[in-house]
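Engineer: Take a look at this one; I'll ask things after.
The values are calculated or read from the model by the stated rules, or taken from the named source; none is laboratory data. In this text, all values refer to a predicted model and were calculated from it rather than measured experimentally. So basically every Cβ, Gly included, is an ideal-geometry build from the backbone, and we count neighbours across all protein chains shown.
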Amino acid sequence: MRVRSFDALRGISIVAVVILHGTYLPASDAISLNNMIYLFCHELLLFCVPAFLFVSGYWMAKKNEFAKDHYWRSLIKRLRRILIPYLFWSLVTFLLLLLHGGASVTMKEIVFKLLTGSALFPYYFIILLAQLYILTPVIIYLNRSTVGTSAIVIMNIISLLLIYVSRLGFGLSMSVYDGFFYFWIIFYQLGLNIGMNSEFLNSVNIRLLHIATSCAVVLCFLEGFILATTFHQWIFAASVFKLSSFMFSICMILILYHYKDNFGRIGVLVELGQCSFGIYLIHMLVMPRLDRIVEKMSLFYPSNPAYPIFVSLLTTLFCVIIIKMTKKIIPNVIYSPILGF
């Protein structure tokens, strides 16, 4: 049974994901108004993937699917639900690459990309989620004690600090970090903890949470600005792997959770949430094609900050239409387990 309030949270998060992927990073290190707008937009949207991880962890705890007596059955069910559509759309991506005259892909490259979630760059999330599903019993066990919970938090913080060292000191690509659970585990852990203790937030002062979120936004932009202008690290500046971005994401998740019932009354968000996994799987296949069409129509200049947002929202709409039409045409035994719709 679906819960409207959480579908709405998924709806908010998937719109943020699509806009984030549609908002261009600066082509140069120049400090311009447009570049600052793009950076600020990225900073505001960085909560989206952490929010998805939080929701996954929350329901994992609520449904108690990983209890000892039916652990393997639940794990296989969960992995099958995400990995079969992932494999299908990854293969579609490889096929489109070949049909459009792209460079040939060897079998070794295909296997590597499938194992690392890099057939299409948002797919790292599927591999990440699979790791967290597998590790859920271990995380739950550690969360039973303060020492175990602290160990997970410390591991995540150390992982973040290593990113600063490797990125600023050695210039490693940001894509190196995307798919490893220890860079993201704190958000999944937060979902597990609140799922097992829903009364936790009753002790949180919502006014202070609003203030903390506002401060985190300011810190995000300041850190991003320094990384971009002083260290010329625009990609790092716009990434979630910053201490300030983690602070903002946690605050934003708690605010969204607090107001979830209000969001659950907004039908559009609920509808988007129910289509969120399908949108996630296909939006980067749809967006480049719509981008070319919109550019030819000259509705906006590509340098206009409104341009990528318009294309992103249009992409979201088209993805929903594709998913809805598919459900009307194709039997449920195909569109749900295979296509992920």
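Engineer: If you check every pair at least six apart or on different chains, which have Cβ atoms under 9 Å apart with a residue in segment 119-142 that is part of a helix (DSSP H, G or I) first and a residue that is at pLDDT below 90 and among the basic types (Lys, Arg) second?
Structural biologist: Listed pairs, sorted by first residue: 137/68.
Engineer: Still on this model: Taking residue 92 as the residue in question, decide whether it is under 25 Å from residue 5 (Cβ atoms), at pLDDT 90 or above and either surrounded by 15 or more Cβ atoms within 10 Å (Cβ to Cβ) or within 14 Å of the chain's Cα centre (by Cα) (or both).
Structural biologist: no
Engineer: Which of (1) in a helix (DSSP H, G or I); (2) over 20 Å from the mean Cα position of the chain (by Cα); (3) surrounded by fewer than 15 Cβ atoms within 10 Å (Cβ to Cβ) is the odd one out, the single condition residue 294 does not satisfy?
Structural biologist: (3)
Engineer: Right, another one. Please go through segment 315-341 and give me each residue that is surrounded by fewer than 16 Cβ atoms within 10 Å (Cβ to Cβ), of a type in the set (A, V, I, L, M) and either under 20 Å from residue 80 (Cβ atoms) or in contact (Cβ under 8 Å) with a residue 40 or more places away in the chain (or both), ordered by number.
Structural biologist: Passing the criteria: 330, 333, 334, 338.
Engineer: Out of all the residues in segment 96-118, which are at pLDDT 90 or above and closer than 21 Å to residue 323 by Cα?
Structural biologist: none
Engineer: Now a separate question. Give 168, 172 a once-over and let me know the one that is closer than 29 Å to residue 236 by Cα, in a loop (DSSP other than H, G, I, E, B) and at pLDDT below 95.
Structural biologist: Testing whether each residue is closer than 29 Å to residue 236 by Cα, in a loop (DSSP other than H, G, I, E, B) and at pLDDT below 95 leaves just 172.
Engineer: If you don't mind, another one. Kindly indicate whether any position in segment 265-273 is out of contact with any Lys or Arg (no Cβ under 7 Å at 6 or more places or on another chain) and surrounded by 23 or more Cβ atoms within 10 Å (Cβ to Cβ).
Structural biologist: yes
Engineer: Are any residues in segment 40-71 aromatic (Phe, Trp, Tyr) and at pLDDT 85 or above, and if so, which ones?
Structural biologist: 40, 47, 52, 54, 58, 59
Engineer: On to the next question. Take residue 278 and tell me if it is touching a residue at least 40 places away in the same chain (Cβ under 8 Å), within 30 Å of residue 156 (Cβ to Cβ) and not in a loop (DSSP other than H, G, I, E, B).
Structural biologist: The answer is yes for residue 278.
Engineer: For residue 225, state whether it is more than 20 Å from the chain's Cα centre (by Cα) and in a loop (DSSP other than H, G, I, E, B).
Structural biologist: no
Engineer: Looking only at segment 135-152, count how many residues are hydrophobic (A, V, I, L, M, F, W, C) and surrounded by 14 or more Cβ atoms within 10 Å (Cβ to Cβ).
Structural biologist: Residues that pass the stated criteria total 5.
Engineer: Any residue in segment 281-290 that is in a helix (DSSP H, G or I), more than 21 Å from the chain's Cα centre (by Cα) and surrounded by fewer than 21 Cβ atoms within 10 Å (Cβ to Cβ)?
Structural biologist: Checked against the condition, which is being in a helix (DSSP H, G or I), more than 21 Å from the chain's Cα centre (by Cα) and surrounded by fewer than 21 Cβ atoms within 10 Å (Cβ to Cβ), segment 281-290 yields at least one hit.
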